[in-house]
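Read the structure below first, then the notes.
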Amino acid sequence: MRDLLRSPEFRIALAAIAIFSIFGLKSSSFFTERIWRGILIAAGDLGFLILGETLVITAGEIDLSVASTWALSAYVFLTIANAGVDPMLAMILVLLLGFLIGYANGFCKARTGIPSFLVTLATMWIIRGVVFVINPTSYSYLKVETVLNQILLGYIGMVPAVFIWFIALTAIFTVLLTRTRFGSHVLAVGGNLTVARNIGVRIERTKTLCFILSSLMAALGGIAMIVEYKVMNPNSGMAATFGAGLEFEAIAVCMMSGISPTGGRASFPAVFIATIAYASFKSGLILFGLPGYWYLPFTGIMTFILVGLHLVGKKKTSS
Amino acid sequence: MRTEIIISIMAIAVATIFSIAEPSFFTYDTLVLVAILSAELGFIALGMSFLIATGEIDLSAAGVLALSVWVYDGFATGLGFSLPLAVVAVIALAISIGFIHGYICLRMGIPGFIVTFVGMIIWKGILTAITKGEHEGYLGDKTTLFTNVLQGYVGMVPAVFIWFIVFTAIFTVLLTRTRFGSHVLAVGGNLTVARNIGVRIERTKILCFILSSLMAGVAAIFFFNRQFYVASDVMVEAPLFAICACVVGGCRAGRANIVGTSIGVITIIIIQRGLYIAGVPATLYMAAVGIVLLVFATIHIKWKEIHWVGVRRK
C-alpha cells in the first residue's frame with residue numbers, strides 16, 4: 001500500500017482522474033467523443049517527443065533540439081515526398097537525418113564536454129536556422145497520398161490511430177528500459193556515473209544512443225504530424241517557428257511523470273499517463289470559458305502542481 | 001585575461017566584417033544602439049553569471065522583466081509615484097520572484113531550469129492576461145532628471161552604457177573580493193567540499209536566484225526609462241541570449257568571468273544588430289549565435305588540449 005502511494009504511476013493517475021472529474025463536472029461536453037478524439041490525437045502527437053526526451057533525461061542529460069528536429073523532419077519529408085520520391089524512401093531518408101542530428105548532439109557532448117543543455121540549445125537554434133533557409137516562404141501542402149495515411153490517420157473503434165502508435169511506442173520503450181541491457185546501462189549512467197564506469201558501461205556510447213533515439217522519435221513525430229495535418233502550419237505562424245517551445249513542454253511533461261530530474265529513474269507508463277493528463281488539461285481549459293489570455297498562466301500553475309505532486313511525503317534530496 | 005582577449009578580438013573581428021559588408025553598420029546611431037542594447041541585455045547576463053557559476057540556470061528573465069516593467073508603470077502612472085520612488089516597488093517584486101524561484105528549486109528539489117521556465121510562463125502569462133496582449137504607453141513626464149541620469153548621454157556615450165560598466169565593476173568586486181563570491185564559486189565547483197568547509201549551500205543558491213531576478217528588474221527600470229511602454233513580449237530572447245553571453249564569456253559551474261561576460265554580451269548584440277542591418281531574419285541570427293556558443297564553449301573547455309600551431313600548451 002505504501003509502495004502504491006509512493007509510485008509515480010499511481011500519483012499521476014490520481015491527478016489525471018482529478019483533472020477529468022473537474023472538467024467533467026464543470027462542463028457536460030467534456031466527456032464527449034469529439035473532445036476526447038482531440039485529446040488523444042494531441043497526446044499522440046506530443047508523445048513522440050516526450051518518449052525520446054524521457055530516455056535522454058533518464059541518462060542524466062537533456063535534449064532541447066527535439067522540436068527543431070521535429071519541424072525540420074516534417075518539412076524535409078513534405079518537400080521530398082512532394083518532389084515525387086517514394087514516401088517510404090522519403091521516410092527512411094528523414095529518419096536518417098534524425099539519426100545524424102542525434103549523433104551530432106551526442107558527439108558534441110562526448111567530445112567537447114560541453115553540458116548537453118548548451119549543446120542542444122545551440123543545435124536547436126542551428127536546426128531552426130536550417131528550416132528557415134530551406135523554407136523562406138511559409139505555406140506548402142503535402143500533396144501525395146501515402147501508405148502512412150492508412151497507418152496514421154483513421155480510427156480503430158473510437159481510438160485515433162496515432163494514439164494506438166503512442167501506446168505501442170510506450171510499450172516498446174518500457175521494454176527497452178526495463179528488460180534490455182541497454183536499458184540497464186541507461187539507468188546506471190543516469191544514476192551513478194562513477195559506478196557505471198567501474199562496472200564497464202560505455203558511458204559516452206550509451207548517452208549518444210539516447211540522443212539518437214530522441215532525435216529519431218522527433219523525426220518520426222514530424223513525419224506523423226505532416227501526414228496527419230498535410231500542412232506545416234495548421235494554426236498560424238511561419239513554418240520556421242513551427243513547434244518552437246514544444247521542447248520545453250516535452251521536458252515539463254517528463255517532470256510531471258515523476259522522473260528523477262538528474263537521471264537514473266523513470267517510468268514510461270507514468271510518462272504515458274502524464275501526457276494524457278497534460279493534453280486533457282490543455283483541451284479542457286477551453287471548455288471553462290476563460291479568456292484565451294489566461295491559458296498560459298493556468299498551464300504554468302498546473303505544471304507546478306503536477307511536478308510537485310511527486311515530492312509530497314518524500315525525503316528532501318540534498319542539493 | 002586570456003578569455004577576455006579572445007572575446008574582444010572576436011567582437012572586433014565581427015564588427016569589422018559587418019562594417020565592411022554593410023557601411024551603415026559603422027555609424028554613430030548604430031553603435032549607440034549596440035551600446036544601449038548591450039547594456040540592457042548585460043544587466044541580465046551579469047545576474048545570470050553568478051547563477052551559472054553555482055550550476056543553475058534562470059530562464060525567467062524575460063517574464064520577470066516584463067512584469068517589472070508593468071509594476072513600474074503601475075506605480076508611476078496608476079499610483080502617482082515619481083519614477084525614482086517606483087524603483088523600490090520593482091526591486092521588491094524582483095527580489096520576491098527570485099526568492100520564490102530559489103525556494104521552490106532548493107526546497108522541493110525541482111531543477112532550476114524547470115522552475116524558472118514554468119515561472120517564465122506564469123509571470124509572462126499573468127501579464128498577457130492583464131494587458132490582453134496589447135502595448136500600453138506611459139503618459140507621464142518622460143524628461144525627468146531621473147530618466148536623464150539613466151538614459152541620457154555623457155558626451156557621446158549613452159549613460160546606460162556607463163551604468164553597465166559600473167555594474168560590471170560592482171559584480172567583479174562581488175565575485176573576487178567578497179565572501180559571497182567565494183561561496184558561489186565553491187558551491188558550483190565542488191558541492192561536497194563547499195558543504196564541508198561550512199558554506200550554506202541553499203542560502204548561497206537562493207541569493208544567486210534573487211540576484212538574477214533583481215538584475216532583470218534593474219534591466220526593466222532602464223528599459224522602461226528608454227521605451228516607456230508596457231508589453232508582455234519584450235525581450236523574449238533575453239534569457240537564452242544572456243546564458244549564451246555567460247558561456248561565451250567563460251562562465252560555467254564553479255567558474256565565473258564577469259568582464260568576459262560583459263564583452264560576450266557586446267559580441268552577441270553586434271552579431272544581432274549586424275545581421276539585422278544586413279536584412280537577415282531573426283531565426284538566422286539565432287542560428288549564428290548558436291554556432292558562436294558552441295565554438296566558444298569548446299574553446300573554454302578544451303583550451304588546454306588544443307594544439308595551437310604545433311605548440312603544446314600546458
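What the table shows:
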{"quantity": "Peptide A:113-120 - average C-beta neighbours from other chains (10 Å radius)", "calculated": "5"}
{"quantity": "Segments A:301-307, B:79-85 sorted - mean Cβ within 10 Å per residue, highest first", "calculated": "A:301-307, B:79-85"}
{"quantity": "Any cysteine of chain B lacking a neighbouring Cys Cβ under 4.7 Å - listed by number", "calculated": "B:105, B:208, B:244"}
{"quantity": "Cα gyration tensor of the stretch B:221-307 - equivalent ellipsoid semi-axes, whole Å, descending", "calculated": "27, 17, 10"}
{"quantity": "Average beta-carbon neighbours from other chains, 10 Å sphere, peptide A:289-296", "calculated": "4"}
{"quantity": "Relative contact order (%) - chain B, alpha-carbon pairs under 8 angstrom, separation at least six", "calculated": "35"}
{"quantity": "Straight-distance crosslink candidates among aspartates and glutamates, where the alpha carbon sits under 15 Å from residue B:132 and sequence neighbours closer than 8 are dropped", "calculated": "B:233"}
{"quantity": "Hydrodynamic radius (Kirkwood) for the stretch B:90-228, which is based on Cα pairs only, to one decimal in Å", "calculated": "17.5"}
{"quantity": "Relative contact order of chain A, pairs being alpha-carbon contacts under 8 Å that are 6 or more residues apart, as %", "calculated": "36"}
{"quantity": "Average beta-carbon neighbours from other chains, 10 Å sphere, peptide B:127-138", "calculated": "2"}
{"quantity": "Under the Debye formula (equal points on every Cα, no solvent term), log10 I(q)/I(0) of the stretch B:114-165 at q = 0.15 Å⁻¹", "calculated": "-0.73"}
{"quantity": "Rg/Rh (Cα only; Kirkwood hydrodynamic radius) as it applies to chain A", "calculated": "0.97"}
{"quantity": "The stretch A:10-155 shape via C-alpha gyration tensor axes, a/c threshold 1.5", "calculated": "oblate"}
{"quantity": "Exceeding the 22 Å Cα-Cα cut-off - candidates A:26/A:282; B:124/B:205; A:26/B:124", "calculated": "B:124/B:205; A:26/B:124"}
{"quantity": "Spatial separation of Cα centroids for the stretch B:167-182 and the stretch B:265-288, in angstrom", "calculated": "31"}
{"quantity": "Scaled radius of gyration (Cα, divided by 2.2 N^0.38 Å) that the stretch B:9-113 gives", "calculated": "1.44"}
{"quantity": "Unit charges on C-beta of K, R, D, E only; dipole of the stretch B:1-99, Debye", "calculated": "120"}
{"quantity": "Under 15 Å from the Cα of residue A:230 - aspartates and glutamates, other chains or at least 8 residues apart", "calculated": "A:45, A:145"}
{"quantity": "Size of electric dipole in the stretch B:2-301: Cβ of Lys, Arg +1 and of Asp, Glu -1, about Cα centre, debye, nearest 20", "calculated": "1000"}
{"quantity": "Reciprocal mean inverse distance between Cα atoms of the protein assembly as shown - Kirkwood radius, Å", "calculated": "25.7"}
{"quantity": "Per-q log10 I(q)/I(0), the stretch B:154-211, q = 0.12, 0.18 Å⁻¹ (Debye; single scatterer per alpha-carbon; no solvent)", "calculated": "-0.39, -0.66"}
{"quantity": "Longest to shortest principal axis, alpha-carbon extents of the stretch A:96-201, angstrom", "calculated": "53, 41, 19"}
{"quantity": "Cα pair count fraction exceeding 23 Å, expressed as % - the stretch B:2-301", "calculated": "55"}
{"quantity": "Rounded to the nearest 20 debye, dipole of the protein assembly as shown from Cβ charges on Lys, Arg, Asp, Glu", "calculated": "2200"}
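The numbers here are math on the coordinates, done by the rules we state, and not lab data. Because the structure is predicted, anything quoted here is derived from the model rather than measured. Because the Cβ atoms are built from the backbone with ideal geometry, glycine has one as well, and the counts that use them run over all protein chains shown.
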